[in-house]
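These notes are about the structure you will find just below.
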């Protein structure tokens, strides 16, 4: 809990579909008062820290519903401390972390260990998914719905035994789940067949541009259709992760209010930013699963945002070392870092594609809170946690190796000019990030869900 009281004045507040001038009082970690018509001068008394935000935007903190912070077991790629540090520099105040660590988070004991690591090391607020396997339904059902964000189901190739490919196990998870089921949808049989054909032609050193031909539209759509059909059969609360194709959007609903949806969908920054044309210059540094696909898909995903079919924008932050990414195709891991750059990249994209900033805030801040029934966060409201980010919308900067904060030290956006800069980030009312410096003593809190 924050012990410092802040008065943020002269801000341009972007929240709940509106943009307006206002001031904000933060006390004991909570947004105590929002002023839109002037304020009493006594609020600027000496026991409060006053920050003048003239010319700057004040947004709710970003909630990232899909990250891979690599701890335990893979900390040469990143850790909860290093990646949460990069996240708050990018305006992310809360995250939900995935289970494919070493060991994998597929038991209650491993889940409890993750929460201990979060309490010890995370600069941002946190929750963790429990991973599904073909045989761990009892552990899934034992998860605390107030603390655990969801169940991660890999319906495509993954590490270890977290590919759920037994029809009975898959049905059991969808039928019995008390938590949101978040799915990675790619059909394993299709991928294996296409990978085998590519190996026959190229050996191990397949050109990176073949990645979307191996992990193709058919693999995504076949698996997504199965997930949707299971969710409809069992009335499961389903969250489709990192959609990458125009075809998948056609399954979605843009008429039901988000709070009433049983099936929601996420899109990631990299699928909105990159396309097939970028493999020539970026190679495996834009190799993700699902694959970055055609320009038609990229534009279709942006249209899906505009038209309300896609509910959440996330990062799927998944760092690997530069050396790992430079290996031949079959040995180069999929994934890349994105938490530091996601919000500035989306604000840049919003300018380029004429997407209202209010909609970016909806997709990155409000909607993750609604989708996961997150208590007291995601909005600038009196009584809510003071998770806030201050952005200079007119301060461009270039992503370069010496300003990248994630542990792996590279970004697929290197050399890119981003149109906006994160200036301050508050987590639970604590000023954790200020214009390039950090308060490394601050720790986030475990997120709480209302279910």
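Values quoted throughout were computed directly from the atomic coordinates according to the rules given, and no laboratory measurement underlies them. Just so we're clear, the structure is a prediction, and the values are computed from it rather than from any experiment. Please note: Cβ atoms are built from the backbone with ideal geometry, for glycine as well, and neighbour counts cover all protein chains shown.
Between residue 373 and residue 232, the contour length at 0.36 nm per residue exceeds the Cα-Cα span by 48.7 nm.
Over the stretch 61-371, the reciprocal of the mean inverse Cα-Cα separation, the Kirkwood hydrodynamic radius, stands at 19.4 Å. Each stretch of four or more DSSP H residues adds -39500 (n - 2.57); spread over every residue of the chain, this sum gives -7500 deg cm²/dmol at 222 nm. Label-to-label distance, residue 204 versus residue 147, with points set 7 angstrom from Cα along the beta-carbon direction: 4.3 nm. Protection proxy ranking of 106-114, 163-171, 90-98, 67-75, by the mean of other Cβ atoms within 10 Å over each peptide's residues and highest first, is 90-98, 67-75, 106-114, 163-171.
Could you sort 195-202, 244-251 so that the peptide with the highest average Cβ count within 10 Å comes first and the rest follow in order? Provide the component values of the computation, followed by the final result.
On the way: 195-202: 13.1, 244-251: 20.2.
Going by the mean number of other Cβ atoms within 10 Å, highest first, we get 244-251, 195-202.
Ordering 322-328, 234-240, 260-266 by mean Cβ neighbour count within 10 Å, with the highest value first, yields 234-240, 260-266, 322-328.
Compared with the direct C-alpha span, the chain from residue 253 to residue 416 gains 55.3 nm at full extension, assuming 0.36 nm per residue.
Counting beta carbons within 10 Å around each of 377, 451, 32 and listing the fewest first gives the order 451, 32, 377.
Here's the picture: a label point sits 7 Å out from the Cα of residue 120 along the beta-carbon direction, and within the stretch 411-451 the residues with their amide nitrogen under 17 Å of it are 441-446.
Working from label points 7 Å from Cα in the Cα-to-Cβ sense, the residue 218 to residue 296 distance is 1.6 nm.
Stretching residue 353 away from residue 75 to a fully extended chain increases their span by 96.4 nm, per 0.36 nm per residue minus the current alpha-carbon distance. Label sites at residue 438 and residue 262, each approximated as a point 7 angstrom past Cα along Cα to Cβ, lie 4.3 nm apart.
Just to be sure I understand: if I project the alpha-carbon convex hull of the stretch 151-310 onto a plane and average over all orientations, what area do I get in nm²?
Working: hull surface 38.4 nm².
Answer in nm², one decimal: 9.6.
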